[in-house]
Amino acid sequence: MTDESLIAAHLRGDPAAFRELVERYADGLLRYLIHMTANRDQAEDLFQETFKKVHEKAHAFRGPAFKSWLFTIATRATIDHVRHRRRTAMLSLDRETDCGQESGSALVESLSAEDAPDPAEELVREERTQQVREAIASLPVKQRAALVLAYYQQLSYREVAEVMGCSLGTVKTQMSRALATLARKLPDSLSVTK
């Protein structure tokens, strides 16, 4: 079934249709939220909030692109969450993140994709991966969203613009700034390319 037909079935009261949508997008959405928040517990809360809003606003879906609509809801919830946290407490970007528990980290894996046959090489690879995570976590939320949507979720810039509710030019600017910041923060041996 297509996403659109599942939404239609959900609106008719079919609980299995909504479960199918959740199962279809759960892994990718949770990975995205973990990369955005650098905290699994917060990501799981935002995951629940996102699907709650999808459930409540299913009647407003005018799609053909459910994935873009879903990630739009998740991105807005994440941005609101980050803004709220900034108002209530300082964010600690030095804390240990749990992003490494997810296997879909295409950018991190590509930046540290060397096989590590011995412990010394494995340690270097882990250190590089951590440096990438910390650099991404330190980006402003809109730059981080553009980067994570483009690299981790493999959305086109046009899809990223739709999700973020901005122009294609704005996405390109956010990506350019994010990549420039990463280039400054990461060691010379690491390069970020798409």
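General remarks:
- Between ASP80 and ARG12, the FRET efficiency from the beta-carbon distance, with R0 = 45 Å, is close to 0.90.
- The listed peptides 9-21, 157-169, ordered by packing as a protection proxy, come out as 157-169, 9-21 (highest mean of other Cβ atoms within 10 Å first).
- Per-residue 3J(HN,Hα) values for the range 19-29, derived from phi via the Karplus relation 6.51 cos²θ - 1.76 cosθ + 1.60 with θ = phi - 60°, read 4, 4, 4, 4, 4, 5, 10, 4, 4, x, 5 Hz in sequence order (x marks Gly and Pro).
- Residue-count net charge about GLY165 - beta-carbon cut-off 11 Å; Lys, Arg +1, Asp, Glu -1: +1
Readers should treat all values here as calculations from the given coordinates under stated rules, not as data from a laboratory. Remember, it's a predicted structure, so these values are computed and weren't measured experimentally. Reconstructed Cβ throughout: ideal geometry from the backbone, glycine too, with neighbour counts over all protein chains shown.
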